[in-house]
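Trainee: I have a structure here, written as structure tokens, and I will follow up with some questions on it.
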Amino acid sequence: MRNYHQRLTELIRIQEERNLILKELQDTLGFDISFSEDDVLNNAIDVLSAELVKDIEKDLSVWLK
């Protein structure tokens, strides 16, 4: 089983970097398209949840064989 805490930390960092890029686009676009802190965290959790489901399905398929 993978280290999910470490992966969540990495995903949060990625989402925060993405958000910084979106904030930088504000000057070019003229309006803010960045995410709130809650959205940044929720996006990271959603990605981790999808990865966790895949890992569980993979483990279950091995166990059931």
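The values are calculated or read from the model by the stated rules, or taken from the named source; none is laboratory data. It should be emphasised that the depicted structure is a prediction, and the values quoted were computed from it without experimental measurement. With ideal geometry, Cβ positions are generated from the backbone for all residues, glycine too; neighbour counts draw on all protein chains shown. Side chains included, ligands, DNA and RNA excluded: accessible areas come from the protein's heavy atoms. Shrake-Rupley method; radii C 1.70, N 1.55, O 1.52, S 1.80 Å.
Trainee: Can you compute the FRET efficiency between E17 and E57 using 1/(1 + (r/R0)^6), with r the Cβ-Cβ distance and R0 = 25 Å? Round to the nearest 0.05.
Mentor: 0.30
Trainee: While we're on this one: Let me have the relative contact order for the chain, percent, based on Cα pairs under 8 Å that are six or more residues apart.
Mentor: 35 percent
Trainee: Enter the accessible area per residue of the chain (Å², integer; probe 1.4 Å; all protein chains in place).
Mentor: Heavy-atom accessible area per residue stands at 81 Å².
Trainee: For the chain, what is the mean residue ellipticity at 222 nm derived from helices alone (per DSSP H run of n ≥ 4: -39500 (n - 2.57); sum divided by total residues; nearest 500 deg cm²/dmol)?
Mentor: -29000 deg cm²/dmol
Trainee: At q = 0.26 Å⁻¹, what is the log10 ratio I(q)/I(0) for the chain, with the Debye formula run over Cα points and no solvent?
Mentor: Log-scaled intensity ratios, in q order: -1.03.
Trainee: Roll a 1.4 angstrom probe over the protein heavy atoms and tell me the percent of accessible area of the chain that is carbon or sulfur.
Mentor: Looking at the chain in its full context, I get 58 percent from C and S.
Trainee: Calculate how steeply helix 37-63 sits against the longest principal axis of the alpha-carbon atoms of the chain, using the helix alpha-carbon long axis, and give the answer as 0 to 90 degrees to the nearest 10.
Mentor: Roughly 20 degrees, rounded to the nearest 10.
Trainee: Once both axes come from the Cα atoms, what is the angle between helix 4-29 and the longest principal axis of the chain, in degrees from 0 to 90, rounded to 10?
Mentor: The angle comes out at about 20 degrees.
Trainee: Can you give the net charge of the other residues whose Cβ lies under 15 Å from the Cβ of I21, counting K and R as +1 and D and E as -1?
Mentor: Neighbourhood net charge equals -3.
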